[in-house]
Amino acid sequence: MKRKSLTAKRKVSIKKEIKNRKIKDTFNQFKKIIFKNIKKESFAIAVSGGADSLCLAYFSQIYASEFKNNVTTLIVNHNLRNESSKEANEVKKILKSKNIKSKILSWQGKIPKKNIQGNARNIRYSLLSKYCYKNKIKFLVTAHHLDDQIENFFIRLFRGSGIKGLSSMAENIDYKDNLKIVRPFLNLKKNNLKCATLDYFKTYIKDPSNDNEKFLRVRVRKYRDIMKKEGLDSSKIIKTINNLFSANKALNFYKNKALYKHATFLSKGKCFINKQIFFDEANEIIFKLFSDVLSLISGDYYPPRSKKIMNLILRLKKSSYTKSTLGGCVIEKKEGFILISRELKAKKVTQQLSR
């Protein structure tokens, strides 16, 4: 990663009042979300060194100075590249220049060679959630912003996601081990966050993968520029995402009823689903139920991709189906039921991530 710097650093008290009106408005929006979800409780923040996450570190310290919260600043070293350790220490140095203490969490497991960004995300959340659990921190705050929301929408659209995937990220979610993830920047553009970061830190870290077109996210950013010229701007996309989010909430109500009616959990790693579900429920409800069960049984926060789940459901409806695996689960057909259990190798991966 390259470090972007405009001018020499100067010491500024983290408690100093924000004088720039635009930055103050951005902070007030952040403050409103944090107070609604966290109030005066302790929380952790994830900082990568990008402009958005450094803004998160800045605003969190101002908020904590007012409400006396204990804020833990965490940096993840994925160890995916030779420069990873150096980059993590560079982020720590930037934070230290403003008297913000931080802790680096380093991944010691096997380095993934496929689906690098997806595996990096899993590693990141594994390390962060483990730290929060051990230190009894109930809230993890991330710097996902409006532009991330839109990019995720298009990435999932390209992959054929259903309503749940297209409705994208929520302001807060229950993760695992009683950890709640809060995203206070979802209604804020990245440029607003960058403005605050450069005003305070005068620098941020630029991730070289942001220019690498082998990643779909990078290509989506270029597609957005083209769509914007055709009149499809951010406000219209966000309106669509919000409409899908509302529809997803309504479907979740019926999915939960179907889950209560058709599914029986024998343990954390085993569930029976009555085959009557294929006759009683609509296709979208069946899809959402299987998506949730596969995620719960495997222990992964993210379920398998939509296309794979839909193919599984189609095969389950055939009399010739007997057994297959998907997303760390073994799916077997029994007399009148479908048994979903955690795959042995998935158990080993889960144990490795939780060490």
Meets criteria (closer than 20 Å to Ser168 by Cα and either among the β-branched types (Val, Ile, Thr) or without any contact (Cβ under 8 Å) to a residue 24 or more places away in the chain (or both)) for Ser267: no
So which of Ala44, Ala51 ends up being assigned by TED's automatic domain parsing to the domain that holds Asp148 and touching a Cys at 6+ places or on another chain (Cβ under 6 Å)? Ala44
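Would you call Ala143 surrounded by fewer than 17 Cβ atoms within 10 Å (Cβ to Cβ) and either outside any helix (DSSP H, G or I) or of a type outside the set (Ser, Thr, Tyr) (or both)?
Working: surrounded by fewer than 17 Cβ atoms within 10 Å (Cβ to Cβ): no; either outside any helix (DSSP H, G or I) or of a type outside the set (Ser, Thr, Tyr) (or both): yes.
Spelling it out, it is not the case that Ala143 is surrounded by fewer than 17 Cβ atoms within 10 Å (Cβ to Cβ) and either outside any helix (DSSP H, G or I) or of a type outside the set (Ser, Thr, Tyr) (or both).
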State which residue is modelled with the lowest pLDDT when the search covers only region 300-355 and only residues that are among the basic types (Lys, Arg) and touching a helix residue (DSSP H, G or I) at 6+ places or on another chain (Cβ under 9 Å). Arg355
Residue by residue through region 24-56, note down the ones that are over 17 Å from Asn191 (Cα atoms), of a type in the set (Gly, Ala, Ser) and touching a Leu at 6+ places or on another chain (Cβ under 8 Å). Ala44, Ala46
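Within region 251-269, take every residue that is among the basic types (Lys, Arg) and under 26 Å from the mean Cα position of the chain (by Cα) and give me the one that is surrounded by the fewest Cβ atoms within 10 Å (Cβ to Cβ).
First, the residues of region 251-269 that are among the basic types (Lys, Arg): 255, 257, 261, 268.
Filter once more, so that each one left must be under 26 Å from the mean Cα position of the chain (by Cα): 255, 268.
Details: Lys255: 22, Lys268: 10.
Looking at the filtered set, the residue picked out is Lys268.
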Count of region 19-42 residues which are touching a Ser or Thr at 6+ places or on another chain (Cβ under 9 Å) and part of a helix (DSSP H, G or I): 2
Can you tell me which of Phe272, Phe279 is farther than 18 Å from Ile173 by Cβ, outside the structural domain of Asp148 (by TED's automatic domain parsing), surrounded by 12 or more Cβ atoms within 10 Å (Cβ to Cβ) and at pLDDT 95 or above? Phe272
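Just to be sure before I move on: is Ile45 outside any helix (DSSP H, G or I) and crowded, with 22+ Cβ neighbours inside 10 Å in the structure I sent? Break it down into steps so the answer makes sense when it comes.
Working: outside any helix (DSSP H, G or I): yes; crowded, with 22+ Cβ neighbours inside 10 Å: yes.
When the stated conditions are applied, Ile45 passes them.
Evaluate region 186-194: report whether one residue or more is without any contact (Cβ under 8 Å) to a residue 12 or more places away in the chain and under 29 Å from Cys55 (Cβ atoms). Walk me through how you get there before you give the answer.
Pass one, region 186-194, residues without any contact (Cβ under 8 Å) to a residue 12 or more places away in the chain: 191.
With under 29 Å from Cys55 (Cβ atoms) added as a condition, the list becomes 191.
Scanning region 186-194, I find at least one residue that is without any contact (Cβ under 8 Å) to a residue 12 or more places away in the chain and under 29 Å from Cys55 (Cβ atoms), so the answer is yes.
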Name the residues in region 305-332 that are more than 30 Å from the chain's Cα centre (by Cα), closer than 17 Å to Ser291 by Cα and basic (Lys, Arg), would you? Arg315, Lys317
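Looking only at region 218-242, filter to residues that are among the β-branched types (Val, Ile, Thr) and surrounded by 13 or more Cβ atoms within 10 Å (Cβ to Cβ); which one of those is nearest to Phe158 (Cα to Cα)? Step through it out loud before you land on a result.
Of the residues in region 218-242, the ones among the β-branched types (Val, Ile, Thr) are 218, 220, 226, 237-238, 240-241.
In the following step, the residues that additionally are surrounded by 13 or more Cβ atoms within 10 Å (Cβ to Cβ) were identified as 218, 220, 237-238, 240-241.
On the way: Val218: 13, Val220: 10, Ile237: 15, Ile238: 17, Thr240: 16, Ile241: 15 Å.
This residue is Val220.
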From the list Lys93, Lys130, Lys110, exactly one residue is over 19 Å from the mean Cα position of the chain (by Cα) and either assigned to a loop (DSSP other than H, G, I, E, B) or surrounded by 15 or more Cβ atoms within 10 Å (Cβ to Cβ) (or both). Which is it? Lys110
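Within region 307-330, take every residue that is of a type in the set (Val, Ile, Thr) and loosely packed, with under 14 Cβ neighbours inside 10 Å and give me the one that is nearest to Lys275 (Cα to Cα). Let's see the steps before the verdict.
Within region 307-330, the subset of a type in the set (Val, Ile, Thr) is 309, 313, 322, 325, 330.
From what is left, the residues that are loosely packed, with under 14 Cβ neighbours inside 10 Å are 322, 325.
Working: Thr322: 13, Thr325: 18 Å.
Checking each candidate, the answer is Thr322.
Of everything in region 270-291, what is touching a His at 6+ places or on another chain (Cβ under 8 Å) and of a type in the set (A, V, I, L, M, F, W, C)? Give them in sequence order. Spell out the reasoning first.
Initial filter on region 270-291 (touching a His at 6+ places or on another chain (Cβ under 8 Å)): 273-274, 276-277, 280-281, 289.
Across region 270-291, the qualifying residues are Ile273, Ile277, Leu289.
The values are calculated or read from the model by the stated rules, or taken from the named source; none is laboratory data. Note that the structure is a prediction, hence the values are computed from the model and not measured. Virtual Cβ from ideal backbone geometry, glycine too; neighbours counted across all protein chains shown.
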